[in-house]
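Let me begin by presenting the structure, written as structure tokens, before commenting on it.
The values are calculated or read from the model by the stated rules, or taken from the named source; none is laboratory data. Please read these numbers as outputs of a predicted model, since none were measured by experiment. So basically every Cβ, Gly included, is an ideal-geometry build from the backbone, and we count neighbours across all protein chains shown. The accessibility values were calculated without ligands, DNA or RNA, using every heavy atom of the protein model including side chains. Shrake-Rupley method; radii C 1.70, N 1.55, O 1.52, S 1.80 Å.
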Amino acid sequence: MNSLKKLTKKQLFLPIFSMILVMLINVIYDIACGQAPLSFFTITIKNGVLYGRLIDILNRGSEAAILSIGMTLVVSSSAGTDISVGSVMSLYGGMCCMLLAGYGNVNVSEYAVPLIVGIGAGLLVTCVCGLFNGFLVAYLNIQPMVATLILWSAGRAIGLLLCNSQIVYVRVPSFQHIGSYIGFMPTPIIVAAICIVVATLVLRMTALGTYIQSVGINKKASRIAGFNSAKIILMCYVICGLCAGLAGMVATSRIYSADTNNIGLNMELDAILAVALGGNSLGGGKFNLAGSIIGAYTIQAIDTTLLALGVSTAQSPVFKAIVVILIVVIQSQPAKDFFKKLTSKKNAVKEAAQA
């Protein structure tokens with residue numbers, strides 16, 4: 001009993017339990033449909049590329065996983081969320097494809113500028129977006145949701161202006177590689193893995209992770225201790241903007257076009273949900289990056305499972321809303337107090353019975 005209690009208190013318990021639960025639902029569904037019990041975990045090679053539901057989850061969940069890195073740092077440092085990441089992804093697509101195609105062109109088969117220029121300019125713009133959000137939050141003390149609401153509404157509109165309100169297609173194989181395959185491996189999985197490894201190494205091998213958590217727990221105390229709280233929060237928003245740009249790079253290359261109306265649409269909700277599902281408090285402070293990554297892929301697993309069960313993409317947000325409600329309730333202080341009181345009563349009854 002004590003070992004189970006210690007296990008449930010682990011920060012990674014909720015995300016791992018959620019992932020196992022989703023996998024179990026898939027196994028039960030496969031058995032009910034007459035398929036092999038472990039067909040969900042089957043990975044094969046078809047047409048020279050990896051194929052399977054697990055590969056599809058890792059591939060399609062790459063954007064959410066990358067976004068969850070930046071969102072985790074923002075939530076931890078500022079006790080708020082960046083709701084502009086979806087629009088910033090769209091803005092990256094607009095800037096990158098507009099440069100690669102040449103202003104005014106909507107369908108090209110060769111670059112107007114080198115590929116690295118288009119990608120670099122897109123990432124630079126997203127970092128500037130993060131800088132803008134961070135300045136409003138860190139130096140003007142505007143609430144994060146209100147501050148990022150500006151680019152949430154304006155970012156996508158700016159992308160539309162860059163593309164003259166049209167979908168700009170860049171039909172060049174080297175541009176499509178980022179969102180397709182390198183050999184047999186989906187490139188988005190590689191991009192997400194690199195981002196996760198780099199973020200993990202930076203947070204573990206430097207004091208940045210400690211600084212972020214300290215500022216998130218108590219900004220005033222951190223400033224007294226010698227930390228520049230404003231710069232740390234600003235840095236987190238810039239990193240979040242960069243992550244949005246990288247996610248936008250994958251999403252744009254996946255469809256080899258700048259569909260600024262749809263790229264990154266509602267992705268900010270998945271990023272926030274990934275952080276919450278990862279066992280991180282939305283009130284800031286201590287964070288667990290691994291939990292957020294697991295949470296991001298769990299959300300994609302839920303989407304894939306709902307599609308397999310015949311639920312349309314228009315109805316899936318209802319189930320996500322239910323998940324959000326359950327997470328919020330579980331993390332609320334009254335719920336924690338209730339379970340704590342219930343556990344203490346059970347222990348008291350058990351001790352009375354033994355006496």
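Counting the residues of segment 251-275 that are surrounded by fewer than 20 Cβ atoms within 10 Å (Cβ to Cβ) and in a helix (DSSP H, G or I) gives 1. Taken over segment 293-322, the criterion of being open to solvent by 30 Å² or more (accessible area, probe 1.4 Å) and part of a loop (DSSP other than H, G, I, E, B) is satisfied by Leu309, Gly310, Ser312, Thr313, Ala314, Gln315. Scan segment 19-70 for residues that are touching a residue at least 60 places away in the same chain (Cβ under 8 Å) and at positive phi and the total you get is 1.
Here Ile217 qualifies as under 23 Å from the mean Cα position of the chain (by Cα) and in contact (Cβ under 8 Å) with a residue 60 or more places away in the chain.
Based on what the data block shows, is Gly61 at pLDDT 90 or above and either open to solvent by less than 60 Å² (accessible area, probe 1.4 Å) or out of contact with any Cys (no Cβ under 7 Å at 6 or more places or on another chain) (or both)? Judged against the criteria, Gly61 is a match. Which of the residues belonging to segment 194-229 are surrounded by 14 or more Cβ atoms within 10 Å (Cβ to Cβ) and among the hydrophobic types (A, V, I, L, M, F, W, C)? Listed by number, the residues that qualify are Cys195, Ile196, Ala199, Leu203, Leu208, Ile212, Val215, Ile217, Phe227. Restricted to segment 106-127, and to residues there that are open to solvent by 80 Å² or more (accessible area, probe 1.4 Å) and hydrophobic (A, V, I, L, M, F, W, C), the residue that is nearest to the chain's Cα centre (by Cα) is Leu124. A residue that is small (Gly, Ala, Ser), open to solvent by less than 40 Å² (accessible area, probe 1.4 Å) and assigned to a helix (DSSP H, G or I) can be found somewhere in segment 174-189. Within segment 91-100, does at least one residue satisfy the condition of being of a type in the set (Ser, Thr, Tyr), open to solvent by less than 10 Å² (accessible area, probe 1.4 Å), assigned to a helix (DSSP H, G or I) and over 27 Å from Asn280 (Cα atoms)? There is at least one residue in segment 91-100 that is of a type in the set (Ser, Thr, Tyr), open to solvent by less than 10 Å² (accessible area, probe 1.4 Å), assigned to a helix (DSSP H, G or I) and over 27 Å from Asn280 (Cα atoms).
Within segment 17-33, the set of residues being at pLDDT below 85 and more than 15 Å from Thr304 (Cβ to Cβ) comprises just one member, Phe17.
Exactly one residue out of Cys240, Cys195 is closer than 18 Å to Met71 by Cα, touching an Asp or Glu at 6+ places or on another chain (Cβ under 8 Å) and at pLDDT 95 or above: that is Cys240. Identify the residue in segment 277-287 that is more than 17 Å from Val22 (Cα to Cα) and in contact with a helix residue (DSSP H, G or I) (Cβ under 8 Å, 6 or more places away or on another chain) and, among all such residues, is modelled with the highest pLDDT. Taking the candidates together, the pick is Phe287.
Can you work out which of the residues in segment 128-161 that are more than 20 Å from the chain's Cα centre (by Cα) and polar (S, T, N, Q) is surrounded by the most Cβ atoms within 10 Å (Cβ to Cβ)? Checked segment 128-161; the qualifying residue surrounded by the most Cβ atoms within 10 Å (Cβ to Cβ) is Gln143.
Listed by first and then second residue, the pairs linking a residue in segment 294-322 that is over 13 Å from Ile272 (Cα atoms) to a residue that is basic (Lys, Arg) and open to solvent by 60 Å² or more (accessible area, probe 1.4 Å), with Cβ atoms under 6 Å apart and 6 or more places separating them unless they lie on different chains, are Gln300/Arg60.
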